[in-house]
Amino acid sequence: MDFLDPKKQRAHMIRLIVGYVLIGTAVLIATAILLYRANGFGLGKDGEVVQNGLVFVSSQPNNADIFINSTRYKDTTGSRLQLPEADYKLAIKKDGYREWQRAITVEGGSVSRYDYPLLIPNELTPAQVKNYTASPNFATQSPDRRWMLISQPGNMLGFDVYDTRDAEQVSVNTRSISLPSNVVTSVTEDQTWKLTEWSTDNRHVILEHTYSGGTEYILVDHEEPERSLNLTKTLGLSVGEVLTLRDKKFDKYYIFNPEAKTVASATVADTTNHTQVLAGVVSFKSYGQDILLYATEAGATPGTVMTMLRDGDVTYKIREVGVGAPYLLDLARYDGDWYVAVGASAENKAYVFKNPQEVRKAGQAKNLVPARVLRVTAPNYLAFSSNTRFVMIENATSFAVYDAETDKAYTYATSLPLDPGVAHANWMDGHRITYVSGEKSVIFDYDNINFQTLVATNPAYQPFFDRDYRNLYTLAPPVAGTGQSPLTSTPLLIEKDR
């Protein structure tokens, strides 16, 4: 029998060992190839080993043509591109739309995402939603961009509420609401509405009502207007006190007294109990339930104020900044990290810190080292983008923007001036900035690329977009001779893509 023959047993064993070695070698080679492929390695056209990077490209509308260095790529947007590490010119084109482009750098083994390109139609055609007999006193939009609230000319208690979910039914779905007459102290000719803050429920908004006798805060409930409140009376606010939402909840508030330099908390459920949470404060910004970023004179050297971050019961020093309002304070979370931005207009710059709480807890530094210093002459505005990836400081056409994802900063001046009456530019979304120039809306990417002029817009109002950025809503400049102010809707998709 073969299994009893020693020679045949040895031969069989040798064959098994060789087989196992070959299989193991094949597995190792396959694993190495997969690892190299996962890290972007491949063969170039000349047979040399190159390291590729992955680039994901999407757009609105989708299925647009992708061009790499002016050569059309095999796939359309919504695709994954594998490119050797190098610098490229990326362009996105589609019939009926303006071209979108930018220079990109692909690093071997990296993953880059360009999922925000918005292609603007070559021809923009506004359609009238409603023709106001005069310019409305006030207009605003909810955080989720579903609701537009526009005051009715000649009726300070009346507002029109527009639902933008269905562009073709916006005018049909309009509701007219009226605030109870006892909510406001006085209804006179010389008065204005000003936005303070929306609640994240997208139903309640705090408006500052200015009239001949002073100012007051009104909580507007656009779903049940009869439940609107005069917060100045309800909470017993003193003259000059400033009201903001706590945790973006419509029934919780912070009350800032600039004269006493105090911050207190209050609720609608307990209107008489104001609990002081900070003292010696000259400016502050809140986040969530119990995080406060503030500037104080306490502990600061002469000519400066100290910026502090209070997180629950623990307070951390951030940095001294120069004395001079407006103070620039904001904070946000991006990709699991905290970003804190502080500065002062008089200092011509703002500092951006990454996870300052963790650095302070670890005792790693006496003075925090900023992730970036943004410089603009006399900046009057600081804000994070809607996706919190970017933070911007600005004064007129001068901008400085920090990108938390790439740890890069951009400083530039735009070519078109802000119209008189436009206080500052605003973030349009997570990647784009917008303002009004020459009575037209303009938009551009965070680094001043893809600058686009859109449609006629009254400088007194910001342009509004629906939830998917498929339509643009603007109050047009007053019509000469009549003073009429049309509310218009402009599709941002050509007809075949709607």
Looking at (1) crowded, with 19+ Cβ neighbours inside 10 Å; (2) within 23 Å of ILE291 (Cα to Cα); (3) of a type in the set (A, V, I, L, M), which is the one condition that is false for LEU229?
(2)
Residue count for the stretch 232-246, restricted to those that are closer than 20 Å to LYS285 by Cα and either aliphatic (A, V, I, L, M) or part of a strand (DSSP E or B) (or both):
6
Please specify each residue of the stretch 56-97 satisfying the condition of being surrounded by 14 or more Cβ atoms within 10 Å (Cβ to Cβ) and either farther than 22 Å from SER110 by Cβ or touching a residue at least 60 places away in the same chain (Cβ under 8 Å) (or both).
VAL57, SER59, GLN60, PRO61, ALA64, ASP65, THR76, LYS93, LYS94, GLY96, TYR97
Determine which member of the set PHE250, PHE256, PHE284 is closer than 26 Å to TRP193 by Cβ and not assigned by TED's automatic domain parsing to the domain that holds ILE150.
PHE284
Checking ASN202 against (1) free of Cβ contacts under 8 Å to residues at least 60 places away in the same chain; (2) closer than 23 Å to ASP144 by Cα, the condition it does not meet
(1)
In the stretch 343-388, anything over 28 Å from TYR116 (Cα atoms) and of a type in the set (Val, Ile, Thr) is listed as VAL359, VAL369, THR377
Out of contact with any Lys or Arg (no Cβ under 8 Å at 6 or more places or on another chain) and either basic (Lys, Arg) or closer than 23 Å to GLU347 by Cβ (or both): which single residue out of THR307, THR301 fits that description?
THR301
Applying the selection to the stretch 379-430, what residues are in a loop (DSSP other than H, G, I, E, B) and exposed (fewer than 14 other Cβ atoms within 10 Å of the Cβ)?
GLU405, THR406, ASP407, SER415, PRO417, PRO420, GLY421, ALA423
Selection from the stretch 244-261 of residues that are hydrophobic (A, V, I, L, M, F, W, C) and either surrounded by fewer than 16 Cβ atoms within 10 Å (Cβ to Cβ) or within 25 Å of the chain's Cα centre (by Cα) (or both):
LEU245, PHE250, ALA260
Return the only residue of GLY109, GLY158 being free of Cβ contacts under 8 Å to residues at least 40 places away in the same chain and small (Gly, Ala, Ser).
GLY158
What is the one condition in (1) more than 26 Å from ARG470 (Cβ to Cβ); (2) in contact with a Ser or Thr (Cβ under 7 Å, 6 or more places away or on another chain) that ASN182 does not satisfy?
(2)
Of residues in the stretch 333-353 being over 25 Å from PRO258 (Cβ atoms) and crowded, with 19+ Cβ neighbours inside 10 Å, the one farthest from the chain's Cα centre (by Cα)
PHE353
Applying the selection to the stretch 204-226, what residues are part of a loop (DSSP other than H, G, I, E, B) and surrounded by 17 or more Cβ atoms within 10 Å (Cβ to Cβ)?
HIS222
Looking at this structure, is VAL184 assigned by TED's automatic domain parsing to the domain that holds SER265, surrounded by 14 or more Cβ atoms within 10 Å (Cβ to Cβ) and part of a loop (DSSP other than H, G, I, E, B)?
yes
Subset of the stretch 455-498 that is part of a strand (DSSP E or B) and within 20 Å of the chain's Cα centre (by Cα) - its residue that is farthest from ASN387 (Cα to Cα)
THR474
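The values are calculated or read from the model by the stated rules, or taken from the named source; none is laboratory data. Please read these numbers as outputs of a predicted model, since none were measured by experiment. Counting neighbours? That spans all protein chains shown, and the Cβs are built from the backbone with ideal geometry, glycine included.
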